[in-house]
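The values are calculated or read from the model by the stated rules, or taken from the named source; none is laboratory data. What you are looking at is a predicted structure, and each value in this text was computed from that prediction instead of being measured. Ideal geometry is used to build each Cβ from the backbone, glycine not excepted, and the neighbour counts take in all protein chains shown. Accessible surface areas use protein heavy atoms only, side chains included; no ligands, DNA or RNA. Shrake-Rupley method; radii C 1.70, N 1.55, O 1.52, S 1.80 Å.
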Amino acid sequence: MDSPRVALMQPTFWPWQGYFGLVAAADVFVLLDDFQFQRHSFQQRNRIRAADGTETWISVPVAHPRDGVFPTLGAAAPLVDAKWRRRLKTTLDQSYGRAAHHATLR
């Protein structure tokens, strides 16, 4: 390998299409998870297009630290339970239920 292509990126909740293109184009991909976690950023939430064409936000709940300082991204603790999963699935089904191949993703 002459000069490897290296890509560095912070993890996001619900990565966008270009994120996967970046991974595919790189010889080495580095996931930067030692930065401080930021609430209400793309680390915790993202937008999707709703069925009516508007955009809606989807978020993953994260435990609040006792001292008020969020840990590094890799140490942030998601609070994912059955209720949250059902709500996310309902949102995705309503937004993309008529999209090609949606039924194959169940």
Open item on the list: Testing Asp33 on (1) under 26 Å from Pro78 (Cα atoms); (2) free of Cβ contacts under 8 Å to residues at least 40 places away in the same chain, one condition comes back false. Which one is that?
Closed with: (2)
- [ ] Can you give me the ranges of the strands (runs of 3 or more DSSP E) entirely in region 13-84 with at least 1 residues that are open to solvent by 80 Å² or more (accessible area, probe 1.4 Å), modelled with pLDDT of 90 or more and of a type in the set (D, E, K, R)?
- [x] 45-49, 55-59
Task: Leading residue by the ranking (nearest to the chain's Cα centre (by Cα)) among those in region 1-12 that are part of a strand (DSSP E or B) and farther than 26 Å from His64 by Cα - done: Leu8
